[in-house]
1. Examine the range 109-122 for a residue that is exposed (fewer than 14 other Cβ atoms within 10 Å of the Cβ), basic (Lys, Arg) and farther than 30 Å from Phe269 by Cβ, and state whether such a residue exists.
2. For the structure I just gave you, tell me whether Arg217 is open to solvent by 60 Å² or more (accessible area, probe 1.4 Å) and either on the phi < 0 side of the Ramachandran plot or in the same structural domain as Lys147 (by the TED database) (or both).
3. Do any residues in the range 181-193 that are more than 20 Å from Ala208 (Cα to Cα) and modelled with pLDDT under 90 have Cβ atoms under 6 Å from those of residues that are among the basic types (Lys, Arg) and open to solvent by 20 Å² or more (accessible area, probe 1.4 Å), where the two are at least six apart or on different chains, and which pairs are they?
4. Starting from the range 109-131, keep only residues that are over 16 Å from Pro42 (Cα atoms) and touching a residue at least 60 places away in the same chain (Cβ under 8 Å), then list their pairs with residues that are outside any helix (DSSP H, G or I) and of a type in the set (Lys, Arg) whose Cβ atoms are within a distance under 9 Å, requiring at least 6 positions of separation or different chains.
5. What number of residues in the range 224-245 are open to solvent by less than 20 Å² (accessible area, probe 1.4 Å) and under 16 Å from Tyr262 (Cα atoms)?
6. With the condition kept exactly as written, say whether any residue in the range 217-224 is assigned to a loop (DSSP other than H, G, I, E, B) and closer than 18 Å to Leu177 by Cβ.
7. Would you pick out the residues in the range 112-152 that are over 20 Å from Pro219 (Cα atoms), within 11 Å of the chain's Cα centre (by Cα) and among the polar types (S, T, N, Q)?
8. Can you tell me which residues in the range 144-160 are touching a residue at least 24 places away in the same chain (Cβ under 8 Å) and in contact with a helix residue (DSSP H, G or I) (Cβ under 7 Å, 6 or more places away or on another chain)?
Amino acid sequence: MICPDCGLVVGDRVIDVGSEWRTFSNDKATKDPSRVGDTQNPLLSDGDLSTMIGKGTGAASFDEFGNSKYQNRRTMSSSDRAMMNAFKEITNMADRINLPRNIVDRTNNLFKQVYEQKSLKGRSNDAIASACLYIACRQEGVPRTFKEICAVSRISKKEIGRCFKLILKALETSVDLITTGDFMSRFCSNLGLPKQVQMAATHIARKAVELDLVPGRSPISVAAAAIYMASQASAEKRTQKEIGDIAGVADVTIRQSYRLIYPRAPDLFPADFKFDTPVDKLPQL
């Protein structure tokens with residue numbers, strides 16, 4: 001590989017580690033076109049470099065009893081096999097909630113560190129993988145709620161929460177605190193709310209936290225209550241149930257947070273907000 005401008009040799013030996021084959025129209029669907037092993041995986045021992053022997057077709061491939069003379073020897077260790085299964089589960093979970101590849105890579109690295117430390121013995125690999133996915137989302141700045149992770153895994157919310165705390169302690173790492181702004185744009189987008197309502201809800205939630213109107217309430221419930229207040233003041237009204245289904249919180253939780261911020265509603269809306277319903281006409285619940 002040579003630079004066309006200055007002639008600098010950037011690389012004199014380039015290796016393609018991708019799949020190596022060509023497909024022709026007359027090839028059978030059952031035929032394996034690969035002449036090499038799988039792509040290299042740096043998370044597994046020896047990069048997961050292995051050789052697979054294809055099924056024999058001629059008479060020379062079988063002995064007198066009809067058994068294949070050349071068989072694959074399972075060279076993958078049990079630990080690598082466990083990690084491979086966990087990596088597949090992580091990829092499946094990430095695909096279900098449309099997470100990008102960098103989240104999957106970070107989750108795989110977190111799982112490998114936890115698995116090699118053997119600090120969570122007795123916990124299922126699926127629970128550890130789910131907790132690692134939750135941590136990776138938080139660290140990459142695209143947090144997901146425990147309920148969202150629980151919905152795409154086979155693990156209970158309580159078990160994911162336990163593994164989450166144990167992993168943070170074992171790896172001596174931390175995650176940033178979640179805020180109402182981390183979820184606002186996603187919740188409003190899923191509810192089909194316009195930009196003006198989203199900006200108003202963000203402003204309401206931020207002011208409510210600054211004025212200490214919602215002590216002890218989770219950022220998700222505060223965000224849901226702010227969206228409810230902003231939508232009720234606009235032409236694009238949404239019910240508590242609609243917001244609760246998207247945010248993953250109960251109707252009663254939204255009502256409790258809403259009651260805390262309702263008395264200061266005139267101070268929470270941005271100055272340029274265009275009201276469809278006046279503040280004094282908002283639901284009191």
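1. yes
2. For Arg217, the condition - open to solvent by 60 Å² or more (accessible area, probe 1.4 Å) and either on the phi < 0 side of the Ramachandran plot or in the same structural domain as Lys147 (by the TED database) (or both) - is met.
3. Within 6 Å, no pair qualifies.
4. Filtered contacts from the range 109-131: no entries.
5. Of the residues in that region, 10 qualify.
6. For the range 217-224, residues assigned to a loop (DSSP other than H, G, I, E, B) and closer than 18 Å to Leu177 by Cβ: present.
7. Matches in the range 112-152: Ser130 only.
8. Those that are touching a residue at least 24 places away in the same chain (Cβ under 8 Å) and in contact with a helix residue (DSSP H, G or I) (Cβ under 7 Å, 6 or more places away or on another chain): Arg144, Thr145, Lys147, Ile149, Val152, Ser153, Arg154, Ile155, Glu159, Ile160.
The values are calculated or read from the model by the stated rules, or taken from the named source; none is laboratory data. Small disclaimer: the values here were computed from a predicted structure and weren't measured. Note: ideal-geometry Cβ built from the backbone for every residue, glycine included; neighbour counts use all protein chains shown. SASA here: full protein model, heavy atoms, side chains in, ligands and nucleic acids out. Shrake-Rupley method; radii C 1.70, N 1.55, O 1.52, S 1.80 Å.
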